[in-house]
Amino acid sequence: MPLTILRCAMKRAKARWCQHRSLYNSSHGFNETEAKRALALHSGGSVNLHKGQNGIAELCLNNPSRKNAISGSMMLELEEQISDLEKWNDGKGLIVYGAEDTFCSGADLSATNALCKPKDGLMMCMFMQNTLTRLQRLPLISVSLVQGKAIGGGAEICTACDFRLMTEGSEIRFVHKHMGIVPGWGGASRLIQIIGPRQALKLLSSAQGIHPEHALSIGLADDILSSTADKAMEEAQTWISSYTKGPAETIRAIKKVVTSGREHALVDSLRKEKDIFGTVWGGPAHLQALSKVLKRN
């Protein structure tokens, strides 16, 4: 009898952990196995993780021939690397960056074109919201190192980190309006948390590029790095180390406390963002914009 009770308690604890870890599951119409199978069909690039002995990891979006656009297989690798980081008990910090001095140009067009039906877009939306929410919830102090352009989904990934560092000449741009959609990876909800609804409305409705000085003035960026491209990572390491000094358990506890305070009502906002995203993905404006972009490439 005691063993049976223990097993039931463990199952309940696991269920609670899975529910906390992810926003969407089968009760929301999300089938993770099917989502992974569909995304795996669209390969290209990689997501590489290096965990440093100083407790700071570097996560690289690596698809330079496509300006580090996120393919379906990269979405899967990103989820796998975050799973790895969730188990890294010695970790204190994380730097997310793109290969060859470009952050990320968003979702790979070949994948989005193949997944243009509303149900496919919602599947990708829920998968990426799950993944980026887990990134945001990591007990690591995280920084996006923005070199070059962070466009569309790339801009959304930036918002999933605690801080954003920009190099001279870099740019963050939420171009979703021009594609006939709204952010679907949680970027709008997080952007509102970072800079407030008034500024978020300006950036989303204008689709304007946000350069370092402007980003710094509205609170989207936390610092502008002065280093040349080959030294930017070194400067980012120095920058984040001022926040990760001390025992790992202390730094991780601080991040958990902040995450707990930040999470209130966020889940409802993310799910609402998903619902709105579902009304425009695969719609006339989106398909027309996608067709134009594909013709240019």
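Considering the conditions (1) more than 19 Å from Arg262 (Cα to Cα); (2) part of a helix (DSSP H, G or I), Cys116 is excluded by exactly one of them, (2).
Of the residues Ser241, Ser226, which single one is touching a strand residue (DSSP E or B) at 6+ places or on another chain (Cβ under 8 Å), open to solvent by 20 Å² or more (accessible area, probe 1.4 Å), farther than 30 Å from Ile276 by Cβ and small (Gly, Ala, Ser)? Working first, answer last.
Values: Ser226 fails: touching a strand residue (DSSP E or B) at 6+ places or on another chain (Cβ under 8 Å).
The conditions single out Ser241.
When Leu109 is tested against (1) closer than 28 Å to Gly169 by Cβ; (2) modelled with pLDDT of 95 or more, just one condition goes unmet, and that condition is (2). For the stretch 73-105, the set of residues classified as touching a residue at least 60 places away in the same chain (Cβ under 8 Å), more than 27 Å from Thr228 (Cβ to Cβ) and of a type in the set (A, V, I, L, M, F, W, C) is empty. In summary, Leu140 fulfils each of the numbered conditions (1) within 11 Å of the chain's Cα centre (by Cα); (2) buried (at least 24 other Cβ atoms within 10 Å of the Cβ) with the single exception of condition (1). Being buried (at least 17 other Cβ atoms within 10 Å of the Cβ) and part of a loop (DSSP other than H, G, I, E, B) is a property that Gly91 has. Of everything in the stretch 247-269 that is modelled with pLDDT of 85 or more and open to solvent by less than 40 Å² (accessible area, probe 1.4 Å), the residue that is farthest from Gly91 (Cα to Cα) is Thr259.
Of the set (1) touching a helix residue (DSSP H, G or I) at 6+ places or on another chain (Cβ under 6 Å); (2) within 27 Å of Lys231 (Cβ to Cβ); (3) of a type in the set (D, E, K, R), all apply to Arg66 but (1). Would the stretch 271-287 turn up any residue that is farther than 25 Å from Phe30 by Cβ, assigned to a helix (DSSP H, G or I), open to solvent by less than 60 Å² (accessible area, probe 1.4 Å) and of a type in the set (Phe, Trp, Tyr)? Looking through the stretch 271-287, none of the residues is farther than 25 Å from Phe30 by Cβ, assigned to a helix (DSSP H, G or I), open to solvent by less than 60 Å² (accessible area, probe 1.4 Å) and of a type in the set (Phe, Trp, Tyr). Checking each residue in the stretch 238-293 for being of a type in the set (Phe, Trp, Tyr) and more than 30 Å from Ile181 (Cβ to Cβ) picks out Trp239, Tyr243.
If I ask for residues that are closer than 18 Å to Phe103 by Cα and surrounded by fewer than 17 Cβ atoms within 10 Å (Cβ to Cβ), which ones from the stretch 29-45 would you list? Selection gives Gly44 alone.
Restricting attention to the stretch 219-238, which residues are assigned to a helix (DSSP H, G or I) and over 21 Å from the mean Cα position of the chain (by Cα)? Break it down stepwise before answering.
Initially, the stretch 219-238 is screened for residues assigned to a helix (DSSP H, G or I), giving 229-238.
Once the filter is applied, which keeps residues that are assigned to a helix (DSSP H, G or I) and over 21 Å from the mean Cα position of the chain (by Cα), the stretch 219-238 yields Ala229, Asp230, Lys231, Glu234, Glu235, Thr238.
Flag: Thr167 matches the condition of being surrounded by 20 or more Cβ atoms within 10 Å (Cβ to Cβ) and at pLDDT 95 or above. Restricting Glu79, Glu58 to those that are part of a helix (DSSP H, G or I), open to solvent by less than 60 Å² (accessible area, probe 1.4 Å), at pLDDT 95 or above and in contact with a Phe, Trp or Tyr (Cβ under 9 Å, 6 or more places away or on another chain) reduces the list to Glu79. Whenever a residue of the stretch 245-266 is assigned to a helix (DSSP H, G or I), its partners that are of a type in the set (A, V, I, L, M, F, W, C), lying with C-beta atoms within less than 6 angstrom and at least six residues away or across chains, give the pairs Lys255/Ile141.
The values are calculated or read from the model by the stated rules, or taken from the named source; none is laboratory data. All values derive from a computational prediction rather than experimental measurement. Positions of Cβ are generated from backbone atoms using ideal geometry, with glycine treated the same way; all protein chains shown enter the neighbour counts. Remember, those area values only see protein heavy atoms, side chains included, never the ligands or the DNA or RNA. Shrake-Rupley method; radii C 1.70, N 1.55, O 1.52, S 1.80 Å.
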